[in-house]
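Working notes for the structure below.
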Amino acid sequence: MQLHLLGTKGGPAIRTGGPSPTAHLLAVGSKTYVIDCGLGVTRGLVETGMKLQDLETILITHHHSDHTLEWGPLIHTAWTAGLARPVMTYAPPPMHQLKAGFLAAMDFDIRTRIADEGRPDLAGLMGITEYGPGLVFDDGVVRVSALRNVHPPITQSYALRFEAEGRVVVFSGDTAFLPELADFARDADVLVHEAMYGPGVDALVQRVKNGTRLKEHLLASHTLAEDVGRIATLSGARHLVLNHLVPADDPSVTAADYERAVRTTFGGALTVGRDGLIIDIVSS
Ligand SMILES: [Zn+2]
Ligand SMILES: [Zn+2]
């Protein structure tokens with residue numbers, strides 16, 4: 001099993017030389033699972049060596065654009081690359097609305113390619129299952145379950161637990177400090193948790209116009225690095241991987257800063273995520 005970090009920044013903006021918004025690929029044998037589809041996911045997947053026509057399963061943690069913006073473009077690009085089988089997307093509501101809106105926005109192109117290039121109807125290749133808390137699916141290779149996390153004002157936002165090959169990988173999704181996540185991530189081989197660096201957030205909010213509102217949002221709906229370490233320690237996770245970094249592209253905030261903050265509360269294996277990083281998860 002291999003985990004590829006394709007996009008590791010929190011929030012939708014991108015900047016010169018900086019990382020991309022959230023996306024991951026979990027490869028289990030010959031099966032692939034894409035978790036979140038922030039801007040850049042298509043390029044990130046191609047750079048792993050994956051053929052887009054092999055795209056099979058996508059999971060979305062919640063409907064903020066830094067997790068969904070490139071969902072439609074990813075499947076559309078796979079379609080123009082020769083996708084022949086439906087791609088299944090598991091996401092909270094309103095996933096059907098995102099599909100309908102994307103198909104409407106691209107209607108002219110889709111109809112043109114069907115008529116001109118003889119392609120199958122794209123709508124039929126976009127399978128959707130809307131999920132809530134509990135079991136999301138078990139395809140015989142991977143069993144995925146969801147825990148509702150705390151990410152106001154969005155209520156349909158989830159952490160995801162993957163069990164495969166005797167191994168466990170848990171994604172926190174976007175969440176405020178959530179002690180229940182420690183149980184959900186019990187004995188995870190890899191816990192991928194979002195992280196915010198407090199002093200960096202203070203500098204960030206001073207640079208923007210709506211700073212006070214932004215800081216309120218960040219503190220109410222995301223987790224400070226010290227609290228991420230607490231969750232990892234409580235869960236017994238063997239390896240903590242930080243993603244969805246806020247801030248992610250402030251040159252004065254480095255991986256060492258995140259590491260120092262987490263080290264106050266967690267002593268296990270720790271990786272500060274960066275785009276393109278591959279983590280091997282050895283089978284039991
Ligand atoms: Zn996000
Ligand atoms: Zn979010």
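Read-outs throughout are calculated quantities, based only on the coordinates presented, and are distinct from any laboratory measurement. Quick caveat: nothing in here was measured; it's all calculated off a predicted structure. In this analysis, Cβ positions are derived from the backbone assuming ideal geometry, glycine residues included, and neighbour counts consider all displayed protein chains.
So if each residue of separation counts as 0.36 nm, and I subtract the Cα-Cα distance between Thr212 and Val46, what length gain in nm does that give?
Taking 0.36 nm per residue and subtracting the Cα distance, the gain is 55.9 nm.
As a proxy for reagent exposure, Lys99, Lys209, Lys51, Lys9 were ordered by neighbouring Cβ count within 10 angstrom, fewest first; the result is Lys209, Lys51, Lys99, Lys9.
Expressed as a rounded percentage, what relative contact order does region 2-280 have, with Cα pairs under 8 Å and six or more residues apart?
Reported as a whole number, the value is 19 percent.
The mean sequence separation of alpha-carbon pairs under 8 Å and at least six residues apart, normalised by the residue count of region 1-153, gives a relative contact order of 16 percent. Between region 1-51 and region 137-169, the C-alpha centres lie 17 angstrom from each other. In terms of other Cβ atoms within 10 Å, Asp249, Asp138, Asp280 run from fewest to most in the order Asp280, Asp138, Asp249. Computed over neighbours whose Cβ is under 13 Å from that of Gly124, the net charge equals +2, Lys and Arg +1, Asp and Glu -1. In plain terms, the chain from Phe108 to Thr155 could stretch by 13.5 nm, reckoned as 0.36 nm per residue minus the Cα-Cα distance.
Taking the inverse of the mean reciprocal distance over all distinct Cα pairs, the Kirkwood hydrodynamic radius of the chain comes to 19.1 Å. Simple spin-label estimate for Ala84 and Asp121 gives 2.0 nm between the two label positions (7 Å along the Cα-to-Cβ direction from each Cα). Neighbours of Ile35 by Cβ distance under 14 Å: Lys/Arg scored +1, Asp/Glu scored -1, total -4.
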